[in-house]
Amino acid sequence: MSGPAHGHQIPVREDWLATTREEALDPGQPIIDPHHHLWDQPGWRYLLDELLVDLRSGHDVRATVYIQSSRSMLRAEGPEPMRAVGETEFANGVAAMCASGAYGAVRACAGIVGAADLRLGDAVRPVLEAHLRAGGERFRGIRHIATWDPDPAMLNPAYQPAEDMLDSAGFRAGFAHLAELGLGFDAWLYFHQIPRLVALARAFPQVPIVLDHCGGVLGIGRYAGKRDEVFAAWSANLRELAGCPNVMVKLGGLGMRLPGFGFEAGERAPTSLQLAEAWRPWMERCIETFGAARCMFESNFPVDKGGHSYAVGWNAMKRIAASASTGEKADLFWRSAARFYRLPGLA
């Protein structure tokens, strides 16, 4: 069993995942996985070896994008704002390992998104420049986690953003440097915070933004039993956000505990049919609202691995996309990700 860093992460039980095995559907469909993490936490190791096991589970994953993790591989010394650059150094090393061809054809960490405290305002510029040096041609942007809710149980203890962080003068001064350096922004926040992201996207139309994890669906705590109410509010916020042409959305993250689907409580791991039935309304609404060209499927591994296996998760997404055209499938499975993260040779 792999232990979570906090209560939002479901422990990974390999024996439980093994109770449901599926062959990959449409195994020839190229995939870029635009959202995964790597870490070595107490009781939970997910590094290149573990990632490769999942990537080799039957789907044609050509490349991946590394997204900053919860306090992963930070420098042990130096100024606090610069310590996050160690994560980019680490991810770029993994990318170089895969680029050697020694681990097969997949280009893991072909794109890298790091962490920086944008609340530093203009003082964040040296941090961003250090990320660019450390990540070289692979560094693509920043994720500054913004998840906030009145219920403390919804908060990640590693991140304590203020409710109005995205609106604050310091954050916006730092955010402005993303545009100047040609960097994008991964937005991880909850569904009721989307209006704040709308305001940010309108204020900085030149910054590419991608909304992570279907826009922060919640179904536990004070949101338990309110699925229809949450869906309605979330849908309205998505429609407003879709009016910002600089924003795209990632379809995934629904295997976490936060959405409250609860598959981890079953005696057997879920099948792709079960996942597709639960996820379809949310993912289809994203596609209807943004269009396939502005959507990309993601794994969010190993976080979502507590709820389903890698092979079964991608099978579920393939089921959801079954009626899409060939061009729409290309957008959803690889082309949107290649375009947003500017992955050479893959766009």
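The values are calculated or read from the model by the stated rules, or taken from the named source; none is laboratory data. Remember, it's a predicted structure, so these values are computed and weren't measured experimentally. With ideal geometry, Cβ positions are generated from the backbone for all residues, glycine too; neighbour counts draw on all protein chains shown. With ligands, DNA and RNA removed, areas are computed over all heavy atoms of the protein, side chains included. Shrake-Rupley method; radii C 1.70, N 1.55, O 1.52, S 1.80 Å.
On inspection, Val312 does not qualify as crowded, with 21+ Cβ neighbours inside 10 Å and under 19 Å from His8 (Cα atoms).
The single condition among (1) open to solvent by 30 Å² or more (accessible area, probe 1.4 Å); (2) free of Cβ contacts under 8 Å to residues at least 40 places away in the same chain; (3) under 20 Å from His213 (Cβ atoms); (4) assigned to a helix (DSSP H, G or I) that Gln160 does not meet is (4). Considering Arg107, Arg172, the condition of being at pLDDT 95 or above and surrounded by fewer than 19 Cβ atoms within 10 Å (Cβ to Cβ) is satisfied by Arg172 alone. Restricted to segment 172-252, the set of strands (runs of 3 or more DSSP E) holding at least 1 residues that are under 23 Å from Leu120 (Cβ atoms) comprises 184-187, 209-211. Of the conditions (1) modelled with pLDDT under 95; (2) in contact with a strand residue (DSSP E or B) (Cβ under 8 Å, 6 or more places away or on another chain); (3) among the basic types (Lys, Arg), Arg62 fails just one. Which one is it? Exception for Arg62: condition (1). Per the listing Leu17, Leu48, Leu25, the residue uniquely closer than 18 Å to Leu275 by Cβ, open to solvent by less than 40 Å² (accessible area, probe 1.4 Å) and out of contact with any Asp or Glu (no Cβ under 9 Å at 6 or more places or on another chain) is Leu17. Those helices (runs of 4 or more DSSP H) of segment 290-347 in which 2 or more residues are in contact with a strand residue (DSSP E or B) (Cβ under 8 Å, 6 or more places away or on another chain) occupy 310-320, 336-340. So in segment 258-282, with the set limited to residues that are outside any helix (DSSP H, G or I) and without any contact (Cβ under 8 Å) to a residue 40 or more places away in the chain, which one is nearest to Pro245 (Cα to Cα)? So the residue we want is Gly262. Within segment 51-93, the set of residues being part of a helix (DSSP H, G or I), closer than 30 Å to Gly174 by Cβ, open to solvent by less than 10 Å² (accessible area, probe 1.4 Å) and not small (Gly, Ala, Ser) comprises Val85, Glu87, Thr88. Within segment 30-45, the only residue that satisfies the criterion of being open to solvent by 10 Å² or more (accessible area, probe 1.4 Å) and either more than 24 Å from His8 (Cβ to Cβ) or hydroxyl-bearing (Ser, Thr, Tyr) (or both) is Pro30. Number of residues in segment 327-347 that are more than 21 Å from Pro281 (Cα to Cα) and at pLDDT 95 or above equals 10. Only one of the numbered conditions (1) on the phi > 0 side of the Ramachandran plot; (2) open to solvent by 10 Å² or more (accessible area, probe 1.4 Å) is not met by Cys214, and that is (2). For segment 271-282, the criterion of being touching a Leu at 6+ places or on another chain (Cβ under 6 Å), more than 19 Å from Val65 (Cβ to Cβ) and buried (at least 20 other Cβ atoms within 10 Å of the Cβ) is met by at least one residue. Residue count for segment 210-251 under the criterion of being within 17 Å of the chain's Cα centre (by Cα) and without any contact (Cβ under 8 Å) to a residue 40 or more places away in the chain: the result is 1. Could you check how many residues of segment 283-296 are open to solvent by 40 Å² or more (accessible area, probe 1.4 Å) and either closer than 9 Å to Ile320 by Cα or free of Cβ contacts under 8 Å to residues at least 24 places away in the same chain (or both)? Number of matching residues: 2. Here is a check on your reading of the model: is Gly136 modelled with pLDDT under 95, among the small types (Gly, Ala, Ser), open to solvent by less than 50 Å² (accessible area, probe 1.4 Å) and in a helix (DSSP H, G or I)? In short, yes.
Yes/no matrix, rows are residues, columns are (1) in contact with a Ser or Thr (Cβ under 7 Å, 6 or more places away or on another chain); (2) among the hydroxyl-bearing types (Ser, Thr, Tyr); (3) more than 21 Å from Gln206 (Cβ to Cβ); (4) open to solvent by 20 Å² or more (accessible area, probe 1.4 Å):
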| site | (1), (2), (3), (4) |
| --- | --- |
| Asp117 | no, no, yes, yes |
| Arg125 | no, no, no, yes |
| Ala130 | no, no, yes, no |
| Arg143 | no, no, no, no |
| Asp149 | no, no, yes, no |
| Ala153 | no, no, yes, yes |
| Leu183 | no, no, no, no |
